[in-house]
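The values are calculated or read from the model by the stated rules, or taken from the named source; none is laboratory data. Owing to the predicted nature of the structure, the values given are computational and were not obtained by experimental measurement. Here the Cβ positions follow ideal geometry from the backbone for every residue, glycine too, while neighbour counts run over all protein chains shown.
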Amino acid sequence: MFGKGVDVRAAIRFWFQDDWRTLVPDSPTDLVLPYLREQCRLVGSKEGCNEGDCGACTALLAHLTPDGLQYQPVNTCILPVTALHHCWLLTIEDIGDVDQLHPVQAAVVEANGTQCGFCTPGFVMSLVAGHLEPGLADPLPLLAGNLCRCTGYGGLIEVAKQLSQLPKDPRLTAKIERAEAALRAVAAETHALAVDTPSGRIDAPTDLADLLTQRQQVPDALLVGGATDVGLWITKRLEQPEHMLFTGGCPELRTVQLDETSLRIGAAASYHAFQAALLDEYPELTDWYERLGSVQVRSRGTLGGNFANGSPIGDSPPVWMALGATMTLLSTAGARTIPVEDFFIDYRQTCLAPNELIGWFDLPRRSPGMRVQVDKVSRRWDQDISTVLVACVQRDSTLRIGLGGLAATPRLAHHVMRSRDVADLTKDITPLSDLRASSQYRLQVTQGLIRAFLEAGS
Ligand SMILES: Cc1cc2nc3c(=O)[nH]c(=O)nc-3n(C[C@H](O)[C@H](O)[C@H](O)COP(=O)(O)OP(=O)(O)OC[C@H]3O[C@@H](n4cnc5c(N)ncnc54)[C@H](O)[C@@H]3O)c2cc1C
Ligand code: FES
Ligand code: FES
């Protein structure tokens, strides 16, 4: 199935506990947390929610970049083992032990940041990620993906604030040097994977033509980006797809590229990977970015997944609609580019053909004088589902308003965009009522946010 001459590995290979590990999982759906706890008997990473919410299972995934190792906190409970390929997996067992605590662990103890201890390994891993990142401006968002049920957050926040003053741990520094050397030694090798497991197949091509051919030949194979949605289908809906086709190996799908007219973001680039480019261009999206999931979710989640899942409450589509973005859908037959608002047809239905996948998104560059306002209304500030998301953009004389959480699909408020009268919102949508809010609440809060934007520009 792969292009001629391409060397493909038939097993997942990753750096772990100071050595290379080779793994053929039992199934494409095997996840990292059960691998750690049940197969390796490393039980420091805890299982709390098993759905990416509590952070008790947090570990670090280190990738080799031209600047050295880059560390991503990840929720191992929803992370397929395939994601470990050619990475270094650091768990709490790598960090310190009772005889010699890592400075971050010692600081947590000192600040009374731990009580029953169940959440502590996860918090420590999130804090260690910040400790390893030079010049981290604001460490507090690191904690948004971790929940503590008994201690309270005061001590943990105190530790986060003093991260930059904590000394390095010589034992971890030595491990880092060994891991970096090991990853460098295999950097030139292909990262492509084609693994036959006892219960199914994993493909992770690195060549776009191969990916498209496989999509064409096996349209039933489940495409996987960061698996922050797919992981929950495995743990909560107990789905067992027999063939998983990972998109993240193809450089074109991970691109983040700024040119004179647009910012191109590959469908498989993680939120973390495009954060800097996006927020440089549109700093008004900072809150939107920081409130989408948590650091762990943004380390892995992608725009491709956020659109393709067809959810009415995805946080990206209304923003991309308001900014006038396009998306390019790819298949072996070629590429087609559509305005992002044309992607959604009905509740969880999109125009993606069975042989297609999302390639990339093009966001128009900022123009002089343009105004951008994005508001996410939810019951909690951090890591919560949108009750309503309203994105308003004024570019020259054109007004665009993207709406999320209000109807069966994210959509543009065409009537209000033409009339600039918020009373016309009822012509665009009949908001739903659910556990999060009533229809009346959604209507009023949306009208209020649009009115505020219109009045600020008048
Ligand atoms: C704890 C938690 C908090 C979250 N918070 C938020 C939030 O605040 N806001 C929000 O919007 N979302 C949130 N999410 C949902 C999720 O993180 C996002 O939808 C994310 O963008 C999904 O991207 P992914 O790459 O992980 O998708 P995946 O899980 O890999 O895939 C999701 C779907 O997209 C398809 N797909 C993936 N890539 C492509 C492609 N290139 N072409 C075609 N189909 C593709 C897959 O087949 C699958 O059907 C949260 C999730 C978790 C676990
Ligand atoms: S166990 Fe809760 S995030 Fe993984
Ligand atoms: S210390 Fe008990 S849950 Fe956090």
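On the basis of being of a type in the set (D, E, K, R) and surrounded by fewer than 20 Cβ atoms within 10 Å (Cβ to Cβ), does residue 207 make the cut?
In short, yes.
Would it be correct to say that residue 436 is of a type outside the set (S, T, N, Q), within 23 Å of residue 309 (Cβ to Cβ) and surrounded by 15 or more Cβ atoms within 10 Å (Cβ to Cβ)?
So residue 436 fits the description; yes.
All but one of (1) surrounded by fewer than 19 Cβ atoms within 10 Å (Cβ to Cβ); (2) within 16 Å of ligand 3 (Cβ to nearest atom); (3) at negative phi hold for residue 175, so report the exception by its number.
(2)
Given the options 365, 420, name the one that is in contact with a strand residue (DSSP E or B) (Cβ under 8 Å, 6 or more places away or on another chain), among the basic types (Lys, Arg) and at positive phi.
Answer to the check: 420.
Can you name the residue in the range 58-72 that is within 16 Å of ligand 1 (Cβ to nearest atom) and of a type in the set (S, T, N, Q) and, of all such residues, is farthest from residue 156 (Cα to Cα)?
72
Can you tell me which residue is farthest from residue 28 (Cα to Cα) among those in the range 46-85 that are assigned to a loop (DSSP other than H, G, I, E, B) and modelled with pLDDT under 95?
My answer is 67.
If we scan the range 271-281, do we find a residue that is in contact (Cβ under 8 Å) with a residue 24 or more places away in the chain and either within 16 Å of ligand 3 (Cβ to nearest atom) or farther than 21 Å from residue 370 by Cβ (or both)?
yes
Please tell me if residue 333 is free of Cβ contacts under 8 Å to residues at least 40 places away in the same chain, more than 16 Å from ligand 2 (Cβ to nearest atom) and crowded, with 21+ Cβ neighbours inside 10 Å.
For residue 333, the condition - free of Cβ contacts under 8 Å to residues at least 40 places away in the same chain, more than 16 Å from ligand 2 (Cβ to nearest atom) and crowded, with 21+ Cβ neighbours inside 10 Å - is not met.
Just to check your reading of the model, which residue among 428, 396, 424 is within 23 Å of residue 349 (Cβ to Cβ), surrounded by fewer than 23 Cβ atoms within 10 Å (Cβ to Cβ) and over 29 Å from the mean Cα position of the chain (by Cα)?
Selected residue: 428, the only one of 428, 396, 424 that is within 23 Å of residue 349 (Cβ to Cβ), surrounded by fewer than 23 Cβ atoms within 10 Å (Cβ to Cβ) and over 29 Å from the mean Cα position of the chain (by Cα).
Name, by its number, the condition in (1) within 16 Å of ligand 2 (Cβ to nearest atom); (2) more than 19 Å from the chain's Cα centre (by Cα); (3) surrounded by fewer than 24 Cβ atoms within 10 Å (Cβ to Cβ) that does not hold for residue 92.
Only one criterion is unmet by residue 92, namely (3).
Show the residue pairs that are 6+ apart or on different chains and have beta-carbon atoms under 8 Å apart, the first residue being within the range 347-360 and closer than 17 Å to residue 326 by Cα and away from ligand 1 (no atom under 11 Å from the Cβ), the second being modelled with pLDDT under 95 and not small (Gly, Ala, Ser).
Pairs that qualify, where the first residue is closer than 17 Å to residue 326 by Cα and away from ligand 1 (no atom under 11 Å from the Cβ) and the partner is modelled with pLDDT under 95 and not small (Gly, Ala, Ser): there are none.
So that you can scan it fast, the table gives a plain yes or no per residue for (1) part of a loop (DSSP other than H, G, I, E, B); (2) within 16 Å of ligand 2 (Cβ to nearest atom):
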| position | (1), (2) |
| --- | --- |
| 146 | yes, yes |
| 151 | yes, no |
| 171 | no, no |
| 194 | no, no |
| 206 | yes, no |
| 210 | no, no |
| 214 | no, no |
| 231 | no, yes |
| 252 | no, no |
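Report yes if residue 107 is part of a helix (DSSP H, G or I), touching a strand residue (DSSP E or B) at 6+ places or on another chain (Cβ under 8 Å) and closer than 14 Å to residue 164 by Cα, otherwise no.
Answer is no for this residue.
Name the residue, out of 440, 394, 383, that is within 16 Å of ligand 2 (Cβ to nearest atom) and not small (Gly, Ala, Ser).
Just a single option satisfies the conditions, and that option is 383.
Give the residues of the range 22-45 that are without any contact (Cβ under 8 Å) to a residue 12 or more places away in the chain and assigned to a strand (DSSP E or B), sorted by residue number.
The one that is without any contact (Cβ under 8 Å) to a residue 12 or more places away in the chain and assigned to a strand (DSSP E or B): 22.
Give the range 33-57 a look and list any residue that's on the phi < 0 side of the Ramachandran plot and within 12 Å of ligand 1 (Cβ to nearest atom), or say none.
48, 49, 51, 53, 54, 57
Quick one: residue 113 ticks every box in (1) more than 25 Å from the chain's Cα centre (by Cα); (2) outside any loop (DSSP other than H, G, I, E, B); (3) surrounded by 24 or more Cβ atoms within 10 Å (Cβ to Cβ) bar one, so which box is it?
(2)
Is at least one residue of the range 130-141 of a type in the set (Asp, Glu) and either more than 16 Å from ligand 3 (Cβ to nearest atom) or over 24 Å from residue 291 (Cβ atoms) (or both)?
Yes, some residue in the range 130-141 is of a type in the set (Asp, Glu) and either more than 16 Å from ligand 3 (Cβ to nearest atom) or over 24 Å from residue 291 (Cβ atoms) (or both).
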